[in-house]
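What follows is a set of notes on a single structure, which appears directly below.
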Amino acid sequence: MSMQQHKSIAVIGLGFVGLTTALGFAEKGHRVFGYDQDALKRASYQSGCVPFYEPGVEEALRRQLDKRFLLCNSIALAVQQAELIFLCVGTPVDEVGEMDLSSLIGALTEVLRCVSKDRFYGIAVKSTIPPGTMREHLIPLLLTEGFELGTQVGLAYNPEFLREGSAWNDFLFPDRIVTGSADDRTGRLLEEAYSLFQAPYHRVSPTSAEFVKLASNTLLATMISFANEQAMLAEKIGDIHIPTIFNLLHTDRRWSGQPAEMSKYIYPGCGFGGYCLPKDTFAFQRTAEKYGHRPKLLNAVLDINRDVMESCIERIVAKLGNLDQQVGILGLSFKPGSDDVRGTPSARMIELLLERGCRKIAAYDPMAMSAFSKHYTFPVTMMASVEELERSSDVVVIATAWEEFRTKQHVFDLNCVIDARYLLEDRGDNCNAQPILTNKSTPDVRLI
């Protein structure tokens, strides 16, 4: 690595995230200026003591203090010497769930009033914020303060994925780095700063970066709540050894990627289908109610599966010029690699379209057309190929994530496609924030 990749960095807010970030960048060879408004905290750090427990951080502080990590007594001293500024201030949640952005807005305002307009500064927010905050609050603030985005000052969101107890290792050896820059210059500064880390680097829109941070944590929260709901139900039923049940769940080979890794289930589409998942989820819901337990999460799972199909139908109808136009359905099996059409989302999609008054529906599936025609009596015209369906249809809906549909996406007019499986690399429907991906392969075909 050339010395040109080493940056002058300021970190504003030196709590759990900020101090780890500052010392991590210093450990990688960057020159870091740190500031925290708490004078007692600064004094503690200056003495080489970290007032919270985080393995590896205090040792790093003692290695880097007054070398590549310099404590400053004001924001002005920190930012004036930096080209890249990280904001790591708290954004606590109030009693109704609203994030308090006042400290972040205050810190950004003070930074903007300290920087020189003679050179460029990239500002990256690490504080957790609701999706849309950059667009609705931070960029307007920058403009109000008299700056031109991307010319004098740039903005980006760079979420952290640090776990308490292993934050130091998580920062130095991340599983992914996500940045959402509102301008190219800040995007380049961040990419250069992180080039010293051996990790997949993903550059997306600012709102996507904000969203993925909250989605990451709420996914974990949902899995914990799922386990707790199941345990409460098991207590009601009785004669169930709960630790054994969950240890058995953990032996599912999908956790290790066979035959389809668990990540394939954590991907959106037009709902789950097939024979087992709908039947068993519904049966488990009824069992819970029989034993006097209201399964809130299972109820929500079934409700959302209905809602996502209704949402898909709304998107299709909105794209049709009139109900006499043809809708082409790509995919009839409930998942790729199978001809099983029992409970397939495509059947419910066709049923709802007919109820809405759609008169012309065509379909193509590489494997399941014969099985679908035997199982259902819908008035659907079967097509011989993707190309034939695309030519004859006014709106094309990808309902099953067959690999053939992705490899043939060049035949589609993307403005007429509803990608209900989020399969295509360049989607035409409701996709106003295309990703810029670095060191990332094309997304896998989803199997459900």
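Please give the net charge around Tyr364, taking every other residue with its beta carbon less than 13 angstrom from that of Tyr364, where Lys and Arg add +1 and Asp and Glu add -1.
Net charge in that neighbourhood comes out at -3.
Give me the number: length gained by fully extending Arg135 to Ser74, i.e. 0.36 nm times residue separation minus the C-alpha to C-alpha distance, one decimal in nm.
19.2 nm
Which entry in (1) 0.96; (2) 0.98; (3) 1.04 is this structure's computed Rg/Rh (Cα atoms, Kirkwood Rh)?
The calculated read-out lines up with (3).
Could you tell me the relative contact order of the chain? Use alpha-carbon pairs under 8 Å, at least six residues apart, and round to a whole percent.
Relative contact order of the chain: 11 percent.
Starting with the fewest neighbours, write out Cys49, Cys114 ranked by other beta-carbon atoms found within 10 Å of each beta-carbon.
Cys49, Cys114
Calculate the dipole size of region 3-205 relative to its Cα centre from +1 charges on Lys and Arg beta carbons and -1 charges on Asp and Glu beta carbons; express the result in debye to the nearest 20.
Roughly 740 debye, rounded to the nearest 20.
Tell me the label-point distance for the pair Glu192, Ser116, using the 7 Å Cα-to-Cβ offset, in nm and rounded to one decimal.
1.7
Which of the residue pairs Lys236/Lys296; Lys335/Lys374; Lys264/Lys335; Lys279/Lys335; Lys213/Lys264; Lys290/Lys335 have a Cα-Cα distance greater than 23 Å in the structure shown?
Distance filter (> 23 Å) returns Lys290/Lys335.
Return Met369, Met262 ranked ascending by Cβ neighbour count within 10 Å, so the fewest neighbours appear first.
Placing the least packed residue first, the sequence is Met262, Met369.
Would you pull out the residues with amide H under 5 Å of Phe86's amide H, same chain only if 5 or more places away, H placed 1.01 Å from N?
Counting only residues 5 or more places away or on other chains, the set is Ala10, Val11, Ile12, Ala124.
Just rank Ile398, Ile316, Ile224, fewest to most, by other beta-carbon atoms within 10 angstrom.
Exposure proxy ranking, most exposed first: Ile224, Ile316, Ile398.
Kyte-Doolittle mean at least 0.0 and Cα extent at least 24 Å along the axis: which DSSP H helices of the chain qualify?
Taking the DSSP H segments of the chain (at least 24 Å long, mean hydropathy at least 0.0), we get 206-237, 296-319.
Computed from the coordinates by the stated procedures, all read-outs in this text should not be read as laboratory data. Only a predicted model underlies this, so the values are computations on that prediction, with no experimental measurement involved. All Cβ positions, even for glycine, are placed from backbone atoms using ideal geometry, and neighbour counts span all protein chains on display.
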